[in-house]
Amino acid sequence: MKILVVDDDAQLRLMLRYALEREDIQVEEASSGEAALDSLRRREPDVVLLDVHMPGMGGIEACRRIREQSAIPIIMLSADGTEDAVVVGLRAGADDYCAKPVGLAQLFTRIQALLRRRRLDTAPAAGISSFPNREIVLDPTHREAIVQGRTIRLSARAFDLLQRLAQSPGRVVSHEELLDHLWGTTTPDCLPQLRSSIKLLRQKIEPDPYRPRYIRSHAGVGYVLETSAGQEVGPSARSANVPGPTREASLMPRSTPVEEATLHGVVNS
């Protein structure tokens with residue numbers, strides 16, 4: 001496996017190189033967005049770790065440029081982990097977004113999840129699937145959703161998120177299940193990314209994203225794909241399917257020795 005690390009902080013690049021090479025991962029380095037594009041023209045890596053704030057071409061613009069020519073997985077790194085910052089990064093074409101400092105174990109898990117999803121993307125796809133609400137049809141071959149006859153192209157993450165919800169129509173899919181499916185982790189640190197992904201998906205498929213009819217929230221629990229406009233399966237589906245209040249307590253980080261080693265040294269990215 002080969003990873004391109006793009007960051008203007010030489011010390012952070014060195015720390016990442018050391019950590020990644022210990023996992024038998026080849027590392028290429030670039031100190032700016034321009035250098036990253038030059039490196040990609042020579043040889044495409046398996047994953048790009050891309051800092052957001054750099055002199056010259058920043059990470060957001062570099063991400064847009066990379067996405068114009070490649071579907072390579074991109075993980076953005078930034079000290080700004082606010083929802084607005086995550087949304088900007090995902091809209092630019094990033095597949096994932098990590099707030100610094102990030103635990104090395106968490107970073108490795110996210111890299112593995114991205115590569116696993118990419119392998120699934122390149123595998124022979126199943127045919128077009130429709131679901132009980134009859135208003136949404138998924139086309140895995142083209143990574144598209146057909147909503148009320150309107151074809152919508154989705155990012156890899158948005159498609160995987162919608163497909164996972166569609167696999168359990170009318171049932172609340174917990175935050176923990178979605179985090180594990182999309183990122184390979186159940187740590188609450190990833191909840192802002194999940195909320196941002198849901199927000200972007202609603203903007204794509206909902207007639208009114210601020211009054212969603214397809215993807216409904218259950219505060220503190222998870223999300224449900226409605227089986228018909230504004231109605232879940234069965235008159236008692238809501239009470240039958242929503243886990244108790246202790247579900248949120250299960251979203252505690254899994255503590256491992258490696259996870260204690262976080263990438264400090266950069267306060268502003």
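The values are calculated or read from the model by the stated rules, or taken from the named source; none is laboratory data. Computed from a predicted model, the values in this text were never measured in an experiment. We place every Cβ from the backbone using ideal geometry, glycine too, and count neighbours over all the protein chains shown.
Only one of Ala62, Ala19, Ala36 is more than 20 Å from the chain's Cα centre (by Cα) and within 21 Å of Gly93 (Cβ to Cβ). Can you tell me which?
Values: Ala62 fails: more than 20 Å from the chain's Cα centre (by Cα); Ala19 fails: within 21 Å of Gly93 (Cβ to Cβ).
Sole residue among the options that is more than 20 Å from the chain's Cα centre (by Cα) and within 21 Å of Gly93 (Cβ to Cβ): Ala36.
Within the stretch 84-117, the only residue that satisfies the criterion of being of a type in the set (Asp, Glu), touching a residue at least 24 places away in the same chain (Cβ under 8 Å) and either part of a loop (DSSP other than H, G, I, E, B) or over 11 Å from Leu50 (Cβ atoms) (or both) is Asp95.
Which of the following residues is within 23 Å of Ser78 (Cα to Cα) and not in a helix (DSSP H, G or I): Thr186, Thr151? So that I can check it myself, show each step before the final result.
Details: Thr151 fails: within 23 Å of Ser78 (Cα to Cα).
Thr186 is the lone residue from the list that is within 23 Å of Ser78 (Cα to Cα) and not in a helix (DSSP H, G or I).
Answer yes or no as to whether Gly230 is within 15 Å of Leu162 (Cβ to Cβ) and either modelled with pLDDT under 90 or crowded, with 17+ Cβ neighbours inside 10 Å (or both). Taking the combined requirement at face value, the residue does not satisfy it. The residue pairs whose first member lies in the stretch 16-40 and is closer than 15 Å to Arg64 by Cα, whose second member is part of a strand (DSSP E or B), and whose beta carbons are closer than 6 Å, counting only pairs six or more residues apart or on different chains, are Ala36/Val6; Ala36/Ala30. Would you say Gly81 is among the small types (Gly, Ala, Ser), in contact (Cβ under 8 Å) with a residue 60 or more places away in the chain and outside any helix (DSSP H, G or I)? Yes, satisfied.
Which residues, counting only those in the stretch 36-64, are buried (at least 19 other Cβ atoms within 10 Å of the Cβ) and either among the aliphatic types (A, V, I, L, M) or out of contact with any strand residue (DSSP E or B) (no Cβ under 8 Å at 6 or more places or on another chain) (or both)?
Step one: of the stretch 36-64, the residues buried (at least 19 other Cβ atoms within 10 Å of the Cβ) are 36, 40, 45, 47-52, 54, 59-60, 62-63.
Result: Ala36, Leu40, Val47, Val48, Leu49, Leu50, Val52, Met54, Ile60, Ala62.
Of note, Asp24 satisfies the criterion of being of a type in the set (D, E, K, R) and either under 14 Å from Ile3 (Cα atoms) or assigned by TED's automatic domain parsing to the domain that holds Leu154 (or both).
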